[in-house]
Amino acid sequence: MITLTENAIKEVRRLMQQQQKPDLALRLNVKGGGCAGMEYLLNFDTEKKEWDEQFQIDGIRVLVDAKSMLYLEGITVDYSYDLVNGGFRFANPNAKSSCGCGTSFSV
């Protein structure tokens with residue numbers, strides 16, 4: 001299960017409206033890198049690929065590839081409007097540690 005908070009939903013919708021493309025989905029995945037070993041990636045996509053899991057969260061289509069899902073099961077994605085450290089935040093129950101900026105983690 002993937003959870004988007006109310007603030008994350010609001011920000012994703014705002015960013016999707018800026019794209020002005022129908023059928024956009026939020027793609028959430030991970031890749032090796034960052035200061036803790038794995039990085040969170042958020043972007044938009046229009047196609048569900050063969051190995052993707054698809055979720056509907058408050059009208060937002062969310063895509064996660066099967067490999068990333070191993071690391072993201074149970075994650076909550078939030079958005080902070082803080083002036084200095086604003087942005088997307090990740091609360092991942094699978095992460096053993098994360099970096100100070102919160103965009104990378106280790107398992």
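The values are calculated or read from the model by the stated rules, or taken from the named source; none is laboratory data. Predicted model, so just to flag it, every value in this text is computed and none were measured. Please note: Cβ atoms are built from the backbone with ideal geometry, for glycine as well, and neighbour counts cover all protein chains shown.
Values computed for the structure shown
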read-out	value
Of all residues making up the stretch 34-79, the number that are in contact with an Asp or Glu (Cβ under 6 Å, 6 or more places away or on another chain) and surrounded by fewer than 17 Cβ atoms within 10 Å (Cβ to Cβ)	2
Per-region count, the stretch 65-94, residues among the small types (Gly, Ala, Ser) and touching a Gly at 6+ places or on another chain (Cβ under 8 Å)	1
Residue in the stretch 41-60 that is modelled with pLDDT of 95 or more, within 14 Å of the chain's Cα centre (by Cα) and in a loop (DSSP other than H, G, I, E, B) present	no
Every pair of residues 6+ apart whose Cβ atoms lie under 9 Å, when the first sits in the stretch 59-88 and is closer than 13 Å to ARG27 by Cβ while the second is surrounded by fewer than 17 Cβ atoms within 10 Å (Cβ to Cβ) and among the β-branched types (Val, Ile, Thr)	VAL77/THR3; VAL77/THR5
